[in-house]
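Read through the structure below, which is laid out as structure tokens, and then see the notes.
Values quoted throughout were computed directly from the atomic coordinates according to the rules given, and no laboratory measurement underlies them. Since this is a predicted model, take the numbers as computed values, not measurements. Note: ideal-geometry Cβ built from the backbone for every residue, glycine included; neighbour counts use all protein chains shown.
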Amino acid sequence: MIRTARQPSASAQFAALLSRFPSKIVALVKRCLPKLRRSIPCTHQVVYDYANSLVVSLGMSERGYEAIVAVAIFPDGVRLYLDKSLPDPKGLLGGSGSKVRSVTIESAADLDNRDMKALIKAAVKHAGATSPRSGAIQIVIKSTSTKRKPRKAAPPARSRI
């Protein structure tokens, strides 16, 4: 009888991916994600692994680009990304992305701020998410850095004579 190695659960894979970040960042993420899950009627937590960051999108499907919000985890901080078209009367969102803008999360208490809650509520409304908040959230690991193709080398610089 041939036994095959059992694939770790998505939760275990996510924990392993998180473990490469400083403990301060991991603790912040572990306090923020449950708050966001309670605020957003999502059914999927899609995790993308990049060379120096993780992105966790919370939405109604396995398509990360349809996320209601996304959390980017870097070695030096955590950012919450929301749709660029959302109203932001308090000017919390920074950046000039073509689709999303972000706010730096310093502590999980930032998510309890009235203005931040209003932004998240606007994101939910904008997404049209209406599913019940009860039920399990499916964690999906979409890509990992080990699957990534190497980038093409830049062409050599030309000198002007």
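What net charge do the residues around SER98 carry, taking every other residue with its C-beta under 14 Å from that of SER98, with Lys and Arg at +1 and Asp and Glu at -1? Summing Lys and Arg as +1 and Asp and Glu as -1 gives +2.
Taking the Cβ of LYS117 as the centre, find all other residues whose Cβ is under 14 Å away and add up their charges (Lys, Arg: +1; Asp, Glu: -1).
Surrounding charge for LYS117 is +2.
Counting lysine pairs in the stretch 10-143 whose alpha carbons fall under 22 angstrom apart, excluding pairs fewer than 8 residues apart on the same chain, gives 22. Put simply, the amide H of VAL140, placed in the peptide plane, has neighbours under 5 Å in GLN45, VAL46, VAL47, leaving out anything fewer than 5 places away on its chain. In a shell of Cβ-Cβ distance under 11 Å around PHE14, excluding PHE14 itself, what net charge do Lys and Arg (+1) and Asp and Glu (-1) give? That works out to 0.
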